[in-house]
Structure formats: structure tokens, C-alpha cells
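Trainee: Got a structure for you, written out below as C-alpha cells; questions coming shortly.
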Amino acid sequence: MHGYADNKEAHQRRLRRIEGQIRGLQRMVDEDKYCIDVLTQISAATRALQAVSLSLLDEHLQHCVRNAITEGGAETDEKIREASDAIARLVRS
């Protein structure tokens, strides 16, 4: 079971909301809306995706990494490396 399993429905709701924001952005471009208004909505969608990402990362650390540390062995190093790589990707985005 993945770390986000307990909050799967909440994550899916948030992602569906973001999906709606993206569709709204497509409509805005189709309707030739003002550039700054489109950019503002892009910023909002980006922040929403970042919030989901941070929540998933926290759940990964609390579940997957914690379990790997408890069990010990090579999987511990792998889970820590995965988390570190994910954090690096989030920081770069």
C-alpha cells in the first residue's frame, strides 16, 4: 500500500479540480482572454499542483521512508534517495 492510500479520495478531488482549472485555461486561450488573466490562472494551477506534490511527498516520507527505516537494509538508502530526488525535482520546478 502506498503512503497516500488513506487520502486517495482527497487527492483525486484536488486533481479533478486542477483538471478543471486547466480546461478553464484552454477556454481562456480559445476566447482570447487578456494575457495577464491567463498567466494569473496558470500561477494558481501551478500552486495547486505544488500543494498536491508536497502532500504526496509528506505522505511518502511518513509511510514509505519510515517503513524502510524501520525494516533497515538497502531499501532504506533507496527510499531516502528517492525522496531526495523528488525534493530536488520539486525545487527545480
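The values are calculated or read from the model by the stated rules, or taken from the named source; none is laboratory data. What you see is a predicted model; the values in this text were computed from it and never measured. Glycine also receives a Cβ, built like all others from the backbone with ideal geometry; neighbour counts cover every protein chain displayed. Heads up: the accessible areas ignore ligands, DNA and RNA and are worked out on the full protein's heavy atoms, side chains in. Shrake-Rupley method; radii C 1.70, N 1.55, O 1.52, S 1.80 Å.
Trainee: Between residues in the range 40-56 that are more than 11 Å from ILE22 (Cα to Cα) and residues that are open to solvent by 70 Å² or more (accessible area, probe 1.4 Å) and not polar (S, T, N, Q), which pairs lie under 6 Å by C-beta distance while being six or more apart or on different chains?
Mentor: VAL52/ARG14; LEU56/TYR4
Trainee: Let me ask something else about it. Just name the residue that is least open to solvent (accessible area, probe 1.4 Å) out of those in the range 1-13 that are farther than 18 Å from ALA86 by Cβ and not aliphatic (A, V, I, L, M).
Mentor: In this case the residue turns out to be GLN12.
Trainee: Checking the conditions here, which among ILE18, ILE42, ILE36 is open to solvent by less than 80 Å² (accessible area, probe 1.4 Å), out of contact with any helix residue (DSSP H, G or I) (no Cβ under 6 Å at 6 or more places or on another chain) and at pLDDT 95 or above?
Mentor: Values: ILE18 fails: out of contact with any helix residue (DSSP H, G or I) (no Cβ under 6 Å at 6 or more places or on another chain); ILE36 fails: open to solvent by less than 80 Å² (accessible area, probe 1.4 Å).
Checking each option against the conditions leaves just ILE42.
Trainee: Can you pull out the residues in the range 1-33 that are of a type in the set (A, V, I, L, M, F, W, C) and under 17 Å from ASP58 (Cβ atoms)?
Mentor: MET1, ALA5, ALA10, LEU15
Trainee: What pairs come up if the first residue lies in the range 57-84 and is under 23 Å from ASP6 (Cα atoms) and of a type in the set (S, T, N, Q), the second is part of a helix (DSSP H, G or I) and open to solvent by 60 Å² or more (accessible area, probe 1.4 Å), and their beta carbons are under 8 Å apart, counting only those six or more places apart or on different chains?
Mentor: Pairs found: THR76/ILE69.
Trainee: May I pose another question? Collect the residues in the range 1-31 that are within 13 Å of the chain's Cα centre (by Cα) and either of a type in the set (A, V, I, L, M) or part of a loop (DSSP other than H, G, I, E, B) (or both), keeping them in residue-number order.
Mentor: TYR4, ALA10, LEU15, ILE18
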